[in-house]
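A.B. asks: Got a structure for you, questions after.
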Amino acid sequence: MTLRKIFPILAIFIAALCLDSCKSSKQAVKTDTAAPSAGWTRVRVPVTVRISSPANMSVGATVTMIRDTSITVSAKVFGMEVFVAQATNDSILIVDKMHRQYLGKNIADALAGLPFNASSVQDLLTGHPVDIPQSILPSGASCNVSLNGGMMSEIAFSNRNTTNVKITYPDTVSTPFGTMAESTVIDADTEKSAKNIRAAIEWQWNKAKWNGDVEPRIIKLSDKYTRIDTGNITKLLGGS
C-alpha cells in the first residue's frame, strides 16, 4: 500500500483529532478516579495498529510524544523502518520509506485554518478530555464527547451527514504519570470513500519510556525522496 493510498486514512484520522472543538454533552459517570496526566514531558510507547477497513492489516509501531510539542509515529517491518509520521504545532510530515516519498504540509494549509494544538491531540490519543470552543466547528457540523470517570469514553464528529468519525476508548490503565487509554478505536466513514475506515491503536503502556529516557526525534530526508501532494484535508470531511 503506497503513501497515496494510505493518506486518506491518515488524513481523516488527523483531521478528526484536530477537530477537537467538542463539547461534553453526555457525562455517563463523573468521578475523580482518573489521575491527571501531568508530570510527563516526554514518552515513547510501543503500539499495535490494527486496520480492518479499507485494508486488513496489523503493524507494530512506536509513538513518541513531546508534551505540547510533537507526536511522532514510526512503523517497522522486520526491524526496518518503513513509515514515519510527525505532527507538530506547525507542520505535518508523512514519510513512506519503502517508496522513498513523503508529504509535507503546513498545518494552516493542511487544515484550512482550523486550529491544531499538539497538547490537545496528545490528550485525544490517550483519552483525556479536551475543552476548545465549539464555535470553530464548520457550519453544519456537530461534535459530542462522552465521559466516564474523568476520561473520555467516546468522541463523535459528524459533518452534514457526509462524514462521521467516532473515536472510542474501551478501557483505561494506570501509569506512573496518570491514567491513559488502553486502546484508541477509530471508526470513520465518508461519502468520498468507497469503504469505511476501521482502525485501532493498542497502547503498551507497561513498556513505555518516560522523560529523561526519551530523546526528541528530528526527521531528515535525503534528496532521493520525492515529495507528493494531495488535496486539503478538510475536503475529506465534506468541507469546501
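A.B. asks: Can you tell me which residue is nearest to Gln86 (Cα to Cα) among those in the range 177-217 that are exposed (fewer than 12 other Cβ atoms within 10 Å of the Cβ) and modelled with pLDDT of 90 or more?
C.D. replies: Pro216
A.B. asks: Restricting attention to the range 64-80, report how many residues are open to solvent by less than 30 Å² (accessible area, probe 1.4 Å) and either acidic (Asp, Glu) or at pLDDT 90 or above (or both). Reasoning before the result, please.
C.D. replies: Filtering the range 64-80 for residues open to solvent by less than 30 Å² (accessible area, probe 1.4 Å) gives 64-66, 70-72, 74-75.
From what's left, either acidic (Asp, Glu) or at pLDDT 90 or above (or both): 64-66, 70-72, 74.
Total meeting the criteria: 7.
A.B. asks: Further question: Starting from the range 76-99, take each residue that is aromatic (Phe, Trp, Tyr) and list its partners that are part of a strand (DSSP E or B) and open to solvent by 20 Å² or more (accessible area, probe 1.4 Å), counting only C-beta distances under 9 angstrom and pairs at least six apart or across chains.
C.D. replies: Partner pairs satisfying both residue conditions: Phe83/Val59; Phe83/Val73; Phe83/Lys76; Phe83/Val77.
A.B. asks: Considering (1) closer than 27 Å to Ile228 by Cβ; (2) at pLDDT below 50; (3) open to solvent by 40 Å² or more (accessible area, probe 1.4 Å), say which one Arg50 fails and leave the rest.
C.D. replies: It is condition (2) that Arg50 fails.
A.B. asks: Turning to a different aspect of this structure: Could you give me the residue pairs with C-beta distances under 9 Å whose first residue belongs to the range 203-228 and is assigned to a helix (DSSP H, G or I), whose second residue is open to solvent by 100 Å² or more (accessible area, probe 1.4 Å) wherever it lies, and which are 6+ apart or on separate chains?
C.D. replies: Taking only residues 6 or more apart or on different chains, the pairs are Trp205/Ser174.
A.B. asks: A further question on this structure: Limited to the range 69-93, what total is found for residues that are of a type in the set (Val, Ile, Thr) and under 13 Å from the mean Cα position of the chain (by Cα)?
C.D. replies: Going through the range 69-93, the residues of a type in the set (Val, Ile, Thr) turn out to be 69, 71-73, 77, 82, 84, 88, 92.
From the residues that got through so far, the ones that are under 13 Å from the mean Cα position of the chain (by Cα) too are 71-73, 88, 92.
So the answer is 5.
The values are calculated or read from the model by the stated rules, or taken from the named source; none is laboratory data. What you see is a predicted model; the values in this text were computed from it and never measured. Quick reminder, even Gly has a Cβ in these numbers, built from the backbone with ideal geometry, and neighbours come from all protein chains shown. Just the protein is used for accessible areas: all its heavy atoms, side chains included, with ligands, DNA and RNA removed. Shrake-Rupley method; radii C 1.70, N 1.55, O 1.52, S 1.80 Å.
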